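Beneath this line is the structure, given in structure tokens, with notes to follow.
The values are calculated or read from the model by the stated rules, or taken from the named source; none is laboratory data. Here the structure is a predicted model, which means the values were calculated and not measured. Cβ coordinates were reconstructed from backbone atoms using ideal geometry, including for glycine residues, and neighbour counts include every protein chain displayed.
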Amino acid sequence: MSAATQYYIATIVVYICVNVIGAWGLDLQFGVTGVLNFAFILFQAAGAYTAAMLSLGPASASGGFQHYLVGFKLPFPLPLIGAMLVGGALSAVIGLITLRRLRSDYQAMVMLVISVVATVVAESVVGLANGSAGLSLIPNPAKSLTGLTLQTQNWLFVGLCVALMLIVGVLMYGLVYSPYGRVLRGVRENEAAVEAMGRSATRARLQVFIIGGALAALSGALLAQFIGAWAPSEWLYPETFVFFTAVIVGGRGSISGVAIGAALVAVGIQQAVQYMPIGSDPTLLAALEWIITGLLTLIFLWLRPQGLLPERRRRYLRRVKTGFAATKLQESAGT
Amino acid sequence: MAVFISAVGFGVVTAAILAISAVGFTLQFSVTNVFNLAFGSVMTLSGFVAYWLNHAGLNIWVAMAAAAVSGGLISLAINEAIYTPFIRHGLNLFGMVIVTISVAVIFDHGLQAAVGPTFFSYTAPAGKAFRFADFVLTRQELIIVGIAVLLTILVQVALQYTRVGKAMRGLAINASLARACGVPTRGVIALAWFVSGVLAGVGGVALFLDISTFTATTGSEFLIVIIAAAVLGGIGSPRGAVLGALVVGIVTEVGAAYWNAELKDVLAFGVLIAVLLVRPQGLFSRLATERAIAR
Amino acid sequence: MSEQGDALLTHVSEQGDALLAVDGLAKHYGGVRAVDGVSFEVPRGSLTGLIGPNGAGKTTVLGMVAGAIKPDHGSILLDGRSIAGLPPYRAAHRGVIRTFQAASVFPRLTVMENLLLGVPPWSGEGISASLFLRRKWHREERAQLMHARELLDRLDLTQHADSFAGELSGGQKRLVELGRAMMTKPSLLLLDEPMAGVSRTLVPVIEGLIGELREEGMTVLLVEHELGVVERLCSPVIVMAQGRVLIQGEMAECRAHPEVRRAYLVG
Amino acid sequence: MSVSDAGEAPVFDSVSAGYGGHEVVHDVSLAVGQGQIACIVGPNGAGKSTLLRAITGDAQFLGGRVWLGGEEISRIPSNRLIKRGLAWVPQVDDVFTTLTVRENLELGGFLLPRKGVAARVDELLDTFPLLAGMTSRVAGRLSGGERKLLAIARALMPAPSALLLDEPTAGLSPEMTGLVLQNQIPRLSASGVAILLVEQRALEAIAVSSRVHVMVSGVIRASREAHEVTDWDELARVFLGEQ
């Protein structure tokens, strides 16, 4: 394989991993629990900036060509962990304000507004994260390993992303396929009933808001480390919509479905557009990506709202039927 | 003091532009209960209709009138072709939000694919400058303020005194009782979409005149500020939308004059979020307290 | 707890048999006095009926006991401890479990899952436990599943265990809701018109079920407008009208009472 | 009971109704004479309101037919009913709360010729003098009784030939109940409107009605002339669920 092909494949794999992790975060909120977070992209951005600032070193050391807050040069897993912590903490703050105080119809609007405000702040307060130029030269942890070829370093980072995606996937299964996940789906289905059964719906919403925010931040951190740069234009509020489309197309509440949806929508459309015989005008290609994303959402909402791989129905009957007899026997033997 | 007064002057112009659109947004929302995020796209599309006519040699104000009509028709068409079928299909309020975003994305980027990423501007002289105490307004700005005053009063008067206006208010507050009075609800809803589109058209052209250059996504970018004004005034109340627009317009311009021009939107949103935390139904709304917006 | 609360506590323990004691409960909406100083007791192990014409304030009382509505005045003591003003989920932790006037299930959860959500919050519901103590909660869930299976058999819903609750008929949804409440092993079960929206064939089934609960010693407060049902099931019966309690006693007494007749005929 | 007997007034012919396909009201037949008041009384949950709501499109119409003035009006869209002369006052949400009293009345006259509206509003304000003093007050701020009178006046704006009243006294004070039931409603029927009244306050409703229908569990248990209903004990037993 040529170096270019290798790089191309590595890029695709990293993009898929990053988007799948992010889409799972949104799915936990929107698909599983029914929380509508129109500021989702903000938490991805928070993760990206945090990871950058925790690995770039002090701004003063860069010779003043970019300005940003804090600035540490922390070794490998710490920037990622820091990103998740910041993403979760920011979610906690915004969640506490919006989820507790506001009616659900206002929540959506306020989230949208918060997302826009954040972009404007990041663009105009240059000292925060270098304004609209954004941060660049963000270190890639794999590239700091010496004595390896560039390609090996690349593949190492791909390996990291895949490993993290798998870990997040396992955790998602753990959360969703558990009594806890059942409570989350209960909140989505009928808030009053879930409260009447002794579970706090607000608490559950806040929890998934924080976990989802941390996952968004992780995806943002990996993306920033891979590209090496991060700027406000990466996270304009319509980008949240791409994640919503991924979740709707894949199947709300379905972990494997959402993974497929994220790969198809966030990466697949872009790739497909590249191969269309419409020239290479980047504006036209980007516009086409958006149009396809929008159409795909409408088509799925109309024809297949449950998505490509719908949420799996949890079946217990057979398990209970066989298990029942066995337990009865044990019980009678025991007494 | 001079800085303050001139900032207020700019604020009034911004508020005028905001008010036209915010009234349209809130009117349609209160009658139809669809949170229409494609409103900004209707602004842009009709803004481009005016652009083509303007560059074909038409006077900008005539082009604005044409944009108004086309805005109304586009708005009506979106509702009939997309929103109403989806509502009949059983989609809930939040599902509809996603539908309206999809429509916005398709329209904006469809337009962008057609016209390219470049900046456009109308050929319309700003006209003579008029001086009032410390603030200076161009003839164009004065006309925009005039149109805004005229249109918002017109909407208010129509809602207050005409038969169909009362029917529209009645429908917004109690649809089943409006039917009991014999109000043809479908027709009135269609009218609400049309009027909202007309206001989007005028608001779009006014906005593009004011900021002088625009792209295929300018309307949608500005939509958030419109929503902020509408929500601030209490969504569902046209009078509240005008007051919300005034607050947002003046706060942003005064803030920009004294603080940081880049941050003026932050200030507006800050006000909005602060208000929502204290008074979630908005500043001036009677309606929002009476009616559950979500089902 | 306040002195007043302590005084009430002694009062209750003297009586010894009241599980729920409501005193001076009031709720106003604007100028309307939905509930206007209501006091009554629900004896432990009883199936108490709460009846009255439309707009008497029964559902509001039920909502206040369950924590869904915050009372303006008055005390609500469960087993001598105040539960007034607790949020619904905290009231549920104390064992106060309610059903709703319109059958309230989780439509896109299966019938079995609906029942499992009735199990009092257990270890598997923590975030970390759901991830790291899978063995533990699996074991617990196994036991809960057996319990749920027995209930499904009893409700004649076993063949629907894996159906989505939203796919069932109105009456079956009602059974699911009742089963879910029974899973919690409530100390006080509040039933709000459990026959509403139920087909005529299922009404006797639900009536029978509620009767069985009484036999098993569960304390139930039942709001119901079908007075024949109340007569067959409930003792004592509390009659409300216009936000107040008219009389408390056996159904036959209540029925004979001229004020009750007046309330029903005059409103 | 045949269609022609009733002239202009509404006739229900074995009507069944309910919600979500589930039948609550079974096979109800009754007629209201012109200029008369018929009342349906019965205990909670008997299906009285469901019967009315089926005609106005708020509940499901599951069978049978409804006639008004010799024309069938079952299943026509609810905003056309008023054109056929049928008006109704729902039990709750009975006024446009953010509109003023005058605007409520004007909207009630939506179908009247433009020129006639103001005069008709004045006529009704004469009929309901209580409202005349508060025409610019917002309906949401009225007391329960004022609000109900406004709701009735609003329904009368287009001079309907028949009026359905769904528990008009629910939540009213005894004085206002007296005003609505004993004062206003009989006057309306005297002006020629056929009124079908659903009431929980059985005694007071029967006192003003010409015909009484007792509904229990979705079926009409008994239909009598009002003056024949004298055995209050029997009625009380029905209401209190004795067999």
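Please verify whether A:R188 is of a type outside the set (F, W, Y), away from chain B (no Cβ under 14 Å) and farther than 30 Å from A:A3 by Cβ, treating the condition exactly as stated.
Judged against the criteria, A:R188 is not a match.
What number of residues within segment B:21-58 are closer than 18 Å to B:M96 by Cα, part of a loop (DSSP other than H, G, I, E, B) and not hydrophobic (A, V, I, L, M, F, W, C)?
Total meeting the criteria: 2.
Can you confirm whether A:W230 is more than 14 Å from chain C (Cβ to nearest Cβ) and touching a strand residue (DSSP E or B) at 6+ places or on another chain (Cβ under 7 Å)?
yes
Would you be able to tell me the number of residues in segment C:165-179 that are under 18 Å from the mean Cα position of the chain (by Cα) and assigned to a loop (DSSP other than H, G, I, E, B)?
0
Looking at (1) under 30 Å from D:G45 (Cα atoms); (2) surrounded by fewer than 22 Cβ atoms within 10 Å (Cβ to Cβ), find the lone condition where C:I127 falls short.
(1) is the only condition that C:I127 fails.
So which residues in segment B:70-105 are small (G, A, S) and either within 8 Å of chain A (Cβ to nearest Cβ) or surrounded by 18 or more Cβ atoms within 10 Å (Cβ to Cβ) (or both), if there are any at all? Break it down into steps so the answer makes sense when it comes.
Going through segment B:70-105, the residues small (G, A, S) turn out to be B:70-72, B:75, B:77, B:81, B:90, B:95, B:102, B:104.
Within segment B:70-105, B:S70, B:G71, B:G72, B:S75, B:G95, B:S102, B:A104 meet the criteria.
For D:T177, state whether it is among the β-branched types (V, I, T), at the interface with chain C (Cβ under 10 Å from one of its Cβ atoms), more than 25 Å from C:V237 (Cβ to Cβ) and not in a loop (DSSP other than H, G, I, E, B).
Values: among the β-branched types (V, I, T): yes; at the interface with chain C (Cβ under 10 Å from one of its Cβ atoms): yes; more than 25 Å from C:V237 (Cβ to Cβ): yes; not in a loop (DSSP other than H, G, I, E, B): yes.
Against the criterion (among the β-branched types (V, I, T), at the interface with chain C (Cβ under 10 Å from one of its Cβ atoms), more than 25 Å from C:V237 (Cβ to Cβ) and not in a loop (DSSP other than H, G, I, E, B)), D:T177 qualifies.
Among the strands (runs of 3 or more DSSP E) contained in segment C:1-88, which hold 1 or more residues that are more than 21 Å from C:T219 (Cβ to Cβ) and modelled with pLDDT of 90 or more?
Output list reads C:18-29, C:32-43, C:73-78.
What residue, of C:V203, C:V198, is touching a helix residue (DSSP H, G or I) at 6+ places or on another chain (Cβ under 9 Å), surrounded by fewer than 18 Cβ atoms within 10 Å (Cβ to Cβ), within 11 Å of chain D (Cβ to nearest Cβ) and closer than 27 Å to C:N114 by Cα?
C:V203
Within the set of pairs 6+ apart or on separate chains, which have a first residue in segment A:30-44 that is touching a residue at least 40 places away in the same chain (Cβ under 8 Å) and farther than 14 Å from A:T98 by Cβ, a second that is of a type in the set (A, V, I, L, M, F, W, C) and part of a loop (DSSP other than H, G, I, E, B), and C-beta atoms under 7 Å apart?
Going by the 7 Å Cβ cut-off, the qualifying pairs are A:F30/A:L36.
Residues D:L172, D:L125, D:L149: which one is away from chain B (no Cβ under 13 Å) and not in a helix (DSSP H, G or I)? Steps first, answer last, please.
Values: D:L125 fails: not in a helix (DSSP H, G or I); D:L149 fails: not in a helix (DSSP H, G or I).
Going through D:L172, D:L125, D:L149 in turn, the sole match is D:L172.
Residues to consider are D:L81, D:L125, D:L112, D:L107; find the one that is of a type in the set (A, V, I, L, M), out of contact with any Cys (no Cβ under 8 Å at 6 or more places or on another chain), buried (at least 23 other Cβ atoms within 10 Å of the Cβ) and modelled with pLDDT of 90 or more.
Only one candidate passes the filter, namely D:L81.
For segment B:125-148, which positions are touching a residue at least 24 places away in the same chain (Cβ under 8 Å) and within 16 Å of B:A7 (Cβ to Cβ)? Give the derivation first.
Within segment B:125-148, the subset touching a residue at least 24 places away in the same chain (Cβ under 8 Å) is B:132-137, B:140-141, B:143-145, B:147-148.
Across segment B:125-148, the qualifying residues are B:F132, B:A133, B:D134, B:F135, B:V136, B:L137, B:E141, B:V145.
Would you kindly identify the strands (runs of 3 or more DSSP E) lying entirely within segment D:1-107 that contain at least 1 residues that are closer than 30 Å to D:R120 by Cα and touching a residue at least 40 places away in the same chain (Cβ under 8 Å)?
Filter on segment D:1-107 gives D:10-19, D:37-41, D:60-68, D:86-89.
I need the full set of residues from segment B:190-220 which are in contact with a Leu (Cβ under 7 Å, 6 or more places away or on another chain) and modelled with pLDDT of 95 or more, in order please.
Residues satisfying the conditions are B:A190, B:A192, B:W193, B:F194, B:V195, B:S196, B:G197, B:L199, B:V202.
Do we have any residue at all in segment C:93-114 that's away from chain A (no Cβ under 14 Å) and either in contact with a Cys (Cβ under 7 Å, 6 or more places away or on another chain) or surrounded by 19 or more Cβ atoms within 10 Å (Cβ to Cβ) (or both)?
No, because not a single residue in segment C:93-114 is away from chain A (no Cβ under 14 Å) and either in contact with a Cys (Cβ under 7 Å, 6 or more places away or on another chain) or surrounded by 19 or more Cβ atoms within 10 Å (Cβ to Cβ) (or both).
Just one of (1) at the interface with chain A (Cβ under 8 Å from one of its Cβ atoms); (2) in contact (Cβ under 8 Å) with a residue 60 or more places away in the chain trips up C:L190, so point out which.
So C:L190 meets the others, but not (1).
Return the pair list, or none, for Cβ contacts closer than 6 Å from residues in segment C:158-182 that are touching a residue at least 24 places away in the same chain (Cβ under 8 Å) to residues that are among the basic types (K, R) and surrounded by fewer than 18 Cβ atoms within 10 Å (Cβ to Cβ), at least 6 apart or on different chains.
C:D162/A:R315
Looking at segment C:123-139, is at least one residue under 22 Å from C:M218 (Cα atoms) and either in a loop (DSSP other than H, G, I, E, B) or not assigned by TED's automatic domain parsing to the domain that holds C:A26 (or both)?
no
Going through segment C:115-124 one residue at a time, which ones are more than 7 Å from every other protein chain (Cβ to nearest Cβ) and surrounded by fewer than 17 Cβ atoms within 10 Å (Cβ to Cβ)?
Within segment C:115-124, just C:S123 meets the criteria.
Condition (residue is touching a residue at least 12 places away in the same chain (Cβ under 8 Å) and either farther than 28 Å from B:L159 by Cα or among the charged types (D, E, K, R) (or both)) applied to segment B:12-29: is it met by at least one residue?
no
Taking the condition of being of a type in the set (A, V, I, L, M, F, W, C), over 21 Å from D:G35 (Cβ atoms), within 11 Å of chain C (Cβ to nearest Cβ) and touching a residue at least 60 places away in the same chain (Cβ under 8 Å), how many residues in segment D:180-230 meet it? Outline the logic, then answer.
Restricting attention to segment D:180-230, the residues satisfying the condition of being of a type in the set (A, V, I, L, M, F, W, C) are D:180-181, D:185, D:188, D:190, D:193-198, D:202-203, D:205-208, D:212, D:214-216, D:219-220, D:222, D:226, D:229.
The next check asks that each one be over 21 Å from D:G35 (Cβ atoms); those that pass are D:202-203, D:214-216, D:219-220, D:222.
Filter once more, keeping what is within 11 Å of chain C (Cβ to nearest Cβ): D:202-203, D:216.
Restricting the remaining residues to those that are touching a residue at least 60 places away in the same chain (Cβ under 8 Å) gives D:202, D:216.
Residues in segment D:180-230 being of a type in the set (A, V, I, L, M, F, W, C), over 21 Å from D:G35 (Cβ atoms), within 11 Å of chain C (Cβ to nearest Cβ) and touching a residue at least 60 places away in the same chain (Cβ under 8 Å): 2 in total.
Which residue is modelled with the highest pLDDT, if the candidates are limited to segment D:180-212 and must be of a type outside the set (S, T, N, Q), part of a loop (DSSP other than H, G, I, E, B) and buried (at least 20 other Cβ atoms within 10 Å of the Cβ)?
Of the residues in segment D:180-212, the ones of a type outside the set (S, T, N, Q) are D:180-181, D:185-188, D:190, D:192-199, D:201-208, D:211-212.
Still in the running and part of a loop (DSSP other than H, G, I, E, B): D:192-193, D:201.
Adding the requirement that they be buried (at least 20 other Cβ atoms within 10 Å of the Cβ) leaves D:193, D:201.
Working: D:V193: 89, D:R201: 81.
Looking at residues that are of a type outside the set (S, T, N, Q), part of a loop (DSSP other than H, G, I, E, B) and buried (at least 20 other Cβ atoms within 10 Å of the Cβ), I get D:V193.
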